[in-house]
Every structure is written in C-alpha cells, then in structure tokens.
Amino acid sequence: ALSWGEFDAVDIMTPHDLHHDQALQSTRAGKHVLLEKPMAINLEDCKSLIEEEKQCRKKGIVFMVSENAQFWPEVVKVKQVIDSGRIGKVYLAKANYWETTVGTPFVKRTDDMEHWEFRPERVGGGVLMSGSCHWIRPLRYWLGEVDEVIGVTSTPFHIQPGFETLSNAMLRFHSGVTATFQGMVVDNALSNSPFFQVFGSKGEIVVGGGFEGSVTVYDKDNLQGESLGPAEGYFASFPPTINHFVRAVLDKQPVDADTLFCSGEPRIAWAIYRSVKSKKWEKVWEDNTP
C-alpha cells in the first residue's frame, strides 16, 4: 500500500500483532501514522515504537496511538465534573467492560472462532488485550498513573485456549486511590450495568452501560441523580480522535498522549497477567512481561 501513490498519512487498523512492523514501515517511508490501540503485544515492541517516535519528532513526522476512549464525550464530562470538585475528593472508581454475543452493537464474530480477534497469539492475550484494557485509559485520565495491580482471570465462555473471557483486577494509583476493573465477553444476556462509577467524598458519577452514552451525577442536591445531557455515546469518540491527529499533522503540534504514555494500557494488562501467576500485587512500570 505504501507504493500505491502519493499520500501523507496512514491509519493502521490491522490485527494487533501487525502493529509494530507496519508502523515502522510507514514512518520510515516518511508517513504520519495513526496507529490503532494497543500499540503492540509485547514490551520489546512497545519500546521499539517509543524510540521510533523520538526519531519521528526530529523529522517532523506525527506518530499517534489512536486511543479513542480519552476523546469519548462522556469520559470528558466525567473529567470536568471531577475537576470542578463537585463530588469532592475521589477515593474509588469502578470500570466495567462487557461484551455479549446477545443483542449488542459489538457482537463478536462467534461464528468464526478462528477469527484473529479470538486468537491470543494475535491479540496478545484474551479479553484484557482484545477490548477491556481500553477502559483503563479513562481511569488514568481521571485519576493519574497506576502504580500496581492484582487480578484474576477465568474462562466462563470458552473461545480459544489462552483467551480468557473474564478478568477482575484491583488497581492502586500513585495518588492512593484504588479502582476495580472488570472485563468480560460472554454468550448470555446481560443487563445494561454501568461502564464506570466514580466515588467522591461529596457524591458519585455514573457512566451508563451501553454505547449510546449517559452521565449521571449524585450529590446532596441531587439524591435521585442529575443527568448531564445530551448523550453522545462511545461512537462519538472517533471523530475527535481523528481530528486531533489531523490537527497535529497540519499545525505541527505534539499529540496529547505520546507512545510512552500509551504503553500504559498494555503494561497494566501485562501486570494483571503476571499477578494471575504470582497471586501478588505487581508493579506496572517494570520492564517485564507475563
């Protein structure tokens, strides 16, 4: 594709195990790169892309990891409420990523169990690396950096050997705040349980389940909750993500999150995998993988 004609940028939306090599091929051909998340499926490749981004900056090439969750309108609203002090000092958050094959927009292609999305060697793991790790970015956006994690995984819905379909973890942030983090993909009906809850000394924020979007704030003046509309939804996160990349290219400005920061989501997933084996708290920013 790089030889097809003259163009300035590429958007890489391929299986995870191809991200590293295709990103290098593109940047070394002088193209600006928008790379789908996760940036890579192992730490060595993440480090390689971090070094590549440094070289890109010297050449005026934009290299951005496309983590759209940071641009999700409901996530941005939560950040604004937290920063306003309305719910007081945050002490706990909950992230709940769920997918079901029954009646949701993100129905997995379970008629083809050999599809790359179900192959751990291509995804980099199971549900942690296929989808739920993207629920980590809002937590980092709201609460700061994660220090250590402890977790368990299981396979209530069998897809492929090595592809866990349920993950539960606790995350401890450098600030001392803790969060619970659950990810699952199942083949049974589910309720629209909240995607996120953030608890503070003065109230709570709830991001409703389902991709249509909702944010509700509970405090002493709104015991039944105040809805912060209008609902925009998860899919409204993609245009501002792409626009951010385009503006970085046209205006020659740095992107909000560099590759070192964007390695945080897979690093947290890998730390959870290590914790499953060690049955202990595991540091996130250590140079080892599962």
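The values are calculated or read from the model by the stated rules, or taken from the named source; none is laboratory data. In this text the structure is predicted, and so the values were computed from the model without any measurement. Cβ sites come from the backbone with ideal geometry, for glycine too, and all protein chains shown count toward neighbours. Please note that ligands, DNA and RNA were not included when accessible areas were found on the heavy atoms of the full protein model with its side chains. Shrake-Rupley method; radii C 1.70, N 1.55, O 1.52, S 1.80 Å.
Assuming MET39 fulfils every condition listed in (1) over 21 Å from GLY131 (Cα atoms); (2) open to solvent by less than 40 Å² (accessible area, probe 1.4 Å) apart from one, which condition is it?
In the conditions (1) over 21 Å from GLY131 (Cα atoms); (2) open to solvent by less than 40 Å² (accessible area, probe 1.4 Å), MET39 misses (1) alone.
Can you find even one residue in the range 222-232 that is within 21 Å of VAL33 (Cα to Cα) and open to solvent by 40 Å² or more (accessible area, probe 1.4 Å)?
No; the residues of the range 222-232 include none that is within 21 Å of VAL33 (Cα to Cα) and open to solvent by 40 Å² or more (accessible area, probe 1.4 Å).
Take the range 248-273 and flag every residue that is surrounded by 13 or more Cβ atoms within 10 Å (Cβ to Cβ), in a helix (DSSP H, G or I) and of a type in the set (A, V, I, L, M).
Scanning the range 248-273 gives ALA248, VAL249, LEU260, ILE268, ALA269, ALA271, ILE272.
Taking SER84 and the conditions (1) without any contact (Cβ under 8 Å) to a residue 24 or more places away in the chain; (2) touching a helix residue (DSSP H, G or I) at 6+ places or on another chain (Cβ under 9 Å), which numbered condition does it fall short on, given that it satisfies the others?
Against the list (1) without any contact (Cβ under 8 Å) to a residue 24 or more places away in the chain; (2) touching a helix residue (DSSP H, G or I) at 6+ places or on another chain (Cβ under 9 Å), SER84 comes up short only on (2).
If I ask for residues that are farther than 17 Å from TYR273 by Cα and open to solvent by less than 50 Å² (accessible area, probe 1.4 Å), which ones from the range 133-144 would you list?
The answer is ARG137, PRO138, LEU139, ARG140, TRP142, LEU143, GLY144.
State yes or no: is THR101 surrounded by 17 or more Cβ atoms within 10 Å (Cβ to Cβ), among the polar types (S, T, N, Q) and closer than 18 Å to PRO254 by Cβ?
No; evaluated as a whole, the condition is false for this residue.
Being surrounded by 17 or more Cβ atoms within 10 Å (Cβ to Cβ), closer than 30 Å to ASP45 by Cβ and not β-branched (Val, Ile, Thr) is true for just one of GLY203, GLY213, GLY183, GLY208. Which residue is that?
That would be GLY183, the only listed residue that is surrounded by 17 or more Cβ atoms within 10 Å (Cβ to Cβ), closer than 30 Å to ASP45 by Cβ and not β-branched (Val, Ile, Thr).
Only residues that are open to solvent by less than 40 Å² (accessible area, probe 1.4 Å), part of a loop (DSSP other than H, G, I, E, B) and in contact with a strand residue (DSSP E or B) (Cβ under 6 Å, 6 or more places away or on another chain): list them for the range 1-36, please.
LYS31, the sole residue that qualifies.
Considering the range 42-64 alone, what residues qualify as being part of a loop (DSSP other than H, G, I, E, B) and surrounded by fewer than 22 Cβ atoms within 10 Å (Cβ to Cβ)?
Once the filter is applied, which keeps residues that are part of a loop (DSSP other than H, G, I, E, B) and surrounded by fewer than 22 Cβ atoms within 10 Å (Cβ to Cβ), the range 42-64 yields ASN42, GLY60, ILE61.
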